[in-house]
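Here is the structure we will look at.
The values are calculated or read from the model by the stated rules, or taken from the named source; none is laboratory data. Keep in mind that what you see is a predicted model, and the values were worked out from it rather than measured. Every residue, glycine as well, gets a Cβ built from its backbone with ideal geometry; the counts of neighbours run over all protein chains shown.
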């Protein structure tokens, strides 16, 4: 398990202090594919570099399997780093080395025997599907192939943690899907813990089982991916998800003071129930359906419905209580919150 505890990082220049990270707390379980999403400058790259101490935090702790790595000296920290592979947006391959030599590089630095290196390189080329590119140079590879070589190199020293710094940002959508599928396969086959930072919510949606949203150096929301997509609470998270059920509702105005606008979230079971028709029969409330959308996250579905409820105050309260009792997530919308 990886635990980040009260982690902060400041950069100091001549005129000011920039707080890049502010009191970050995260728990990543063994075998997680944990996504960290944020806009450019939010602090996500700094955070991932603090996890393996390529960047030294100003304060706080990073605990890996019960060991606070902030207390480790150079030699002991080097041993921990061998367990932590890292891949980057720009691949960072050595242009004068072919694929096999790029993958072999960390093993050569560690002093491994040549026969062991050759065997390990062949294993990794097979793992990432590049056996036929063994003697190709980076200039001869596509972007996706370069990233596959970078992944193989990151795993060369039998790493059990893989840090991905915007690993798919330079790739086209089709290649992105193939790299994400490879990361998911590696996670499943080898049990490797993956921490993935990105500014693309589709990447999180595709493979991450947990996610944290970072904004201006702070974690503003975190949890299971499905829960975060289906019931986002922070405005930053809502903007990332871009809820299609809210598109256009900003032009709709409630009829009068006896009307209220609500966004309903139907999770898997409730999506199959005739909730709205029963709501009308049970409470007598008037219902105007304004917008709706069904989404899927890793095989789990949820639906969002924006409705206007009209009626006497008591009727509206009874309707709201009915919806809550049906295990729907109910959020009242006010006009300045409806723009996506």
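Yes or no, residue by residue, for (1) at pLDDT below 90; (2) in a strand (DSSP E or B); (3) closer than 20 Å to residue 235 by Cα:
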site: 282; (1), (2), (3): no, no, no
site: 287; (1), (2), (3): no, yes, no
site: 290; (1), (2), (3): yes, yes, no
site: 295; (1), (2), (3): yes, yes, yes
site: 305; (1), (2), (3): yes, yes, yes
site: 309; (1), (2), (3): no, yes, no
site: 314; (1), (2), (3): no, no, no
site: 317; (1), (2), (3): no, no, no
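Taking residue 74, is it surrounded by fewer than 15 Cβ atoms within 10 Å (Cβ to Cβ) and touching a residue at least 40 places away in the same chain (Cβ under 8 Å)? In short, no. Selection of helices (runs of 4 or more DSSP H) fully inside the range 199-250 by the criterion of at least 3 residues being modelled with pLDDT of 90 or more returns 201-207, 225-230.
Give 170, 159, 188 a once-over and let me know the one that is within 24 Å of residue 211 (Cα to Cα), in contact (Cβ under 8 Å) with a residue 60 or more places away in the chain and surrounded by fewer than 19 Cβ atoms within 10 Å (Cβ to Cβ). Can you show your working first?
Numbers: 159 fails: surrounded by fewer than 19 Cβ atoms within 10 Å (Cβ to Cβ); 188 fails: in contact (Cβ under 8 Å) with a residue 60 or more places away in the chain.
Only one candidate passes the filter, namely 170.
Listed residues 42, 20; which is part of a strand (DSSP E or B) and crowded, with 16+ Cβ neighbours inside 10 Å? Steps first, please.
Working: 42 fails: part of a strand (DSSP E or B).
Result: 20 is the single residue among 42, 20 that is part of a strand (DSSP E or B) and crowded, with 16+ Cβ neighbours inside 10 Å.
Of all residues in the range 99-117, those being within 19 Å of residue 151 (Cβ to Cβ) and assigned to a helix (DSSP H, G or I) number 12. Of all the criteria given as (1) assigned to a helix (DSSP H, G or I); (2) under 22 Å from residue 179 (Cα atoms), the one not satisfied by residue 34 is (1). Hey, does the range 32-53 have a residue that's more than 20 Å from the chain's Cα centre (by Cα) and assigned by TED's automatic domain parsing to the domain that holds residue 199? Checking the range 32-53: at least one residue is more than 20 Å from the chain's Cα centre (by Cα) and assigned by TED's automatic domain parsing to the domain that holds residue 199.
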